[in-house]
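The values are calculated or read from the model by the stated rules, or taken from the named source; none is laboratory data. As the structure is a computational prediction, the values presented were derived from the model and not from experiment. Positions of Cβ are backbone-derived with ideal geometry, glycine not excepted, and every protein chain shown enters the neighbour counts. SASA here: full protein model, heavy atoms, side chains in, ligands and nucleic acids out. Shrake-Rupley method; radii C 1.70, N 1.55, O 1.52, S 1.80 Å.
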Amino acid sequence: MTDSNPSPLEQASPSGESVSLYQAFLFWLKLGFISFGGPAGQISIMHQELVERRRWISERRFLHALNYCMLLPGPEAQQLATYIGWLMHRTWGGVIAGVLFVLPSLFILIALSWAYIAYGDVPVVAGLFYGIKPAVAAIVVQAAHRIGSRALKNECLWAVAAASFVAIFALNLPFPLIVLGAAVIGFFGGRYAPQKFAVGGGHGATQQSFGPALIDDDTPAPEHARFRWPRLIVLAAIGVTLWTVPIGLLTVLFGWESTLTQMAWFFTKAALLTFGGAYAVLPYVYQGAVGHFGWLTPAQMIDGLALGETTPGPLIMVVAFVGFVGAYVHQVFGADQAFLAGAVAASLATWFTFLPSFLFILAGGPLVESTHNELKFTAPLTAITAAVVGVILNLALFFGYHVLWPQGFSGYFDWPSALIALGAAVALFRYKRGVIPVLVGCALAGLAVHLLQG
């Protein structure tokens, strides 16, 4: 699958310096600690560093890779890093880039999850989270608006979004069924009404150039980036092994119905449903983790999303928080080893969530490199993205309900939370503030309210 000879792309860069695997390792490690801002911010950071400043890859090749990643389930920013790492330094380059994009976030979230469980009832911490919860509800509303303004370009796509909202809100249909239905609509819509489903979810080509690049527009695909059936078969076998061995061991050690085994299976399914980004899969996660398995409460789910927003790495890393809290609270290793159980569960959630992403890139990359033309498989993705808007709107209502009526509609209306949510919405929509400043401001406001009420 790989060999030890230097990659054809591991040559002199436009600046006259070679890009070794070690140099790339240092960059991907740095990126893992600074990749704030969600997918848009992370892709922007990579563009600035790799296209504009370091010129490791040209604008056109960068967007071509991004188009492919946008079509896949999974976090597109992490997949893009994996793709570029693979293109430059073979399989190990891709693995290093993808792992380092996630690993710092995993360690940080394990530490924050433990602190949340251990000190969440401390007045100061409780006050901070009191302010963060309504901010998260506003952030999810903004996500629905942002995706909707990009995806809902005609009445057909509006209808898909409305149908998906009714399906999950009123009919309580499972998220995978909604995704499948939208994909079928997109498939037939692309064939019989292509003008309605030609919006696409990718990024168009551009003529912008920042000078010659190491991987330039006309740089031929290196030897390892050429499609070969034997390589694909080997990769598929390795992927199946990396999935079956851990889940087999969990089944043997703890049983199929155990918390850890069910987490492994649940997050495997979640990994294949993340079309449209992390916000798209969050409804599926809360349906399963909160509603079906009871691993955590609605309030804890909101807090977990807040922690995910404030840490580097993909937002889907909230699955690490879900895994940690679920195993910690359920004491799957006993009361004396609750932290170990949480850390293991967080690691398992991360492993099974991201394993498919690596396989999609390493197996599909050679097919993508065989052509630099714009991808044409966007009709199902367009319909799925439209459906995701309705699903995210339902998620926003779910969060809003639990924040504003913490004891249900029969209880009191939490007007301080409503004011904080309104302030967060104004900051996000009117003044275009970033997520982290909004969360910090709302956390401080929540702390003040909490201390005054105390």
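Please go through segment 167-178 and pick out each residue that is touching a helix residue (DSSP H, G or I) at 6+ places or on another chain (Cβ under 6 Å) and either open to solvent by less than 70 Å² (accessible area, probe 1.4 Å) or without any contact (Cβ under 8 Å) to a residue 12 or more places away in the chain (or both).
Within segment 167-178, Ala167, Ile168, Leu173, Phe175, Ile178 meet the criteria.
Which residue pairs have Cβ atoms under 8 Å apart, sit 6 or more places apart or on different chains, and have a first residue in segment 437-454 that is closer than 15 Å to Val122 by Cα and a second that is of a type in the set (D, E, K, R)?
These pairs meet every condition: Gly446/Lys133.
Pick from segment 86-120 the residues that are among the β-branched types (Val, Ile, Thr) and open to solvent by 50 Å² or more (accessible area, probe 1.4 Å): which of them is nearest to the chain's Cα centre (by Cα)?
Among residues in segment 86-120 that are among the β-branched types (Val, Ile, Thr) and open to solvent by 50 Å² or more (accessible area, probe 1.4 Å), the one nearest to the chain's Cα centre (by Cα) is Val99.
Have a look at Gly308, Gly313, Gly323 and point out the one that is within 16 Å of Trp265 (Cβ to Cβ), surrounded by 24 or more Cβ atoms within 10 Å (Cβ to Cβ) and touching a residue at least 40 places away in the same chain (Cβ under 8 Å).
After ruling out the rest, the residue left standing is Gly323.
Is it fair to say Thr261 is hydroxyl-bearing (Ser, Thr, Tyr), at pLDDT 95 or above, crowded, with 17+ Cβ neighbours inside 10 Å and more than 21 Å from Pro298 (Cβ to Cβ)?
So Thr261 fits the description; yes.
Quick one: in segment 36-65, of everything that is part of a helix (DSSP H, G or I), closer than 23 Å to Pro104 by Cα and hydrophobic (A, V, I, L, M, F, W, C), which residue is most open to solvent (accessible area, probe 1.4 Å)?
Checking each candidate, the answer is Ala40.
Which of the following residues is modelled with pLDDT of 90 or more, small (Gly, Ala, Ser) and over 23 Å from Pro298 (Cα atoms): Ala379, Ala427?
None of the other options fit; the residue is Ala427.
Looking at segment 148-166, is at least one residue among the β-branched types (Val, Ile, Thr), in contact (Cβ under 8 Å) with a residue 24 or more places away in the chain, open to solvent by 60 Å² or more (accessible area, probe 1.4 Å) and in a helix (DSSP H, G or I)?
yes
Out of Gly291, Gly248, Gly255, report the one residue that is over 30 Å from Ile147 (Cα atoms), open to solvent by 10 Å² or more (accessible area, probe 1.4 Å) and out of contact with any helix residue (DSSP H, G or I) (no Cβ under 7 Å at 6 or more places or on another chain).
That would be Gly248, the only listed residue that is over 30 Å from Ile147 (Cα atoms), open to solvent by 10 Å² or more (accessible area, probe 1.4 Å) and out of contact with any helix residue (DSSP H, G or I) (no Cβ under 7 Å at 6 or more places or on another chain).
For segment 338-454, give me every one of the helices (runs of 4 or more DSSP H) that falls completely inside it and has 3 or more residues that are open to solvent by less than 80 Å² (accessible area, probe 1.4 Å) and closer than 25 Å to Gly148 by Cα.
So the answer is 379-404, 415-425, 435-453.
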